[in-house]
1. Going down the list K56/K108; K56/K161; K108/K170; K87/K124, which pairs span over 29 Å between their C-alpha atoms?
2. How many percent of the accessible area of the range 109-167 is carbon or sulfur, using a 1.4 Å probe?
3. Just to check I understand the Karplus step: with θ = phi - 60° and J = 6.51 cos²θ - 1.76 cosθ + 1.60, what whole-Hz values come out for the range 65-81, glycine and proline as x?
4. Just how large is the dipole of the range 76-172 about the Cα centre, in debye to the nearest 20, putting +1 at every Lys and Arg Cβ and -1 at every Asp and Glu Cβ?
5. For the range 40-45, just list the computed ³J(HN,Hα) in residue order, Karplus coefficients 6.51, -1.76 and 1.60, θ = phi - 60°, integers in Hz, with x standing in for Gly and Pro.
6. Using the Cα gyration tensor of the range 45-172, with a ≥ b ≥ c the square roots of its eigenvalues, what is the shape: rounded (a/c below 1.5), prolate (a/b larger than b/c) or oblate (neither)?
7. Using amide H atoms built 1.01 Å from N in the peptide plane, name the residues 5+ places from G93, or on other chains, whose amide H lies under 5 Å from its own.
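The values are calculated or read from the model by the stated rules, or taken from the named source; none is laboratory data. Keep in mind that this is a model prediction, so the values were computed, not measured. Every residue, glycine as well, gets a Cβ built from its backbone with ideal geometry; the counts of neighbours run over all protein chains shown. For accessibility, only protein heavy atoms count, side chains too; no ligands or nucleic acids. Shrake-Rupley method; radii C 1.70, N 1.55, O 1.52, S 1.80 Å.
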Amino acid sequence: MHFKRYSAVLVFCLAILALVACSDATSAKKDYGTLPRITGTSFDGVKVDTDALRGKVLIVDIWASWCPPCRKEIPGFIELQKQYASKGLQVIGVSLCRSADEHTNFAKQNGINYPSVFVGDDPKIVDAIGEKVGAINGIPTTLIVDKKGNIVFKHVGYGDKASFEAEINKYL
């Protein structure tokens, strides 16, 4: 009898936790300061250095292939990159995948058309971003960076293409 009650409570708690983890948790407009430098090599061999991208509006997406909301969000970023690259937008992925191979395979299989850096066992990039915007406790976490390199928007959880498009258009 007690086992059934505890099981029901456990299932309820897990369901609530799943909803919170996969929800559109927070969006904030604010000046978080300058984006920490992100460097590395993308899955396609392209060298990434955000300092060299000043003058562009950036969408920085912290994601992983094992994260369902991340997977759902990526097609919108692919479309935004196609649609707005000529207007000064650059999407950058920061991957928390379990391995470099997983990151590369997912990116290629899903047609990611923007650089994405695998951070692997070196969390310095994510830690540096967290120092500016608050700890990265959930993914996807998406930042918008203005042409001067300032983080002006943070979103945790799934966000649709239209929401991000509305934000970037303020800065393009």
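1. Those over the limit are K108/K170; K87/K124.
2. Of the solvent-accessible surface of the range 109-167, carbon and sulfur hold 46 percent.
3. 5, 7, 9, x, x, 5, 4, 5, 7, 4, x, x, 5, 4, 5, 4, 4
4. Once rounded to the nearest 20, the dipole reads 360 debye.
5. The phi angles translate into x, 10, 6, 4, 9, x Hz.
6. It is rounded, given that a/c, with a ≥ b ≥ c, falls under 1.5.
7. D61, S116, V117
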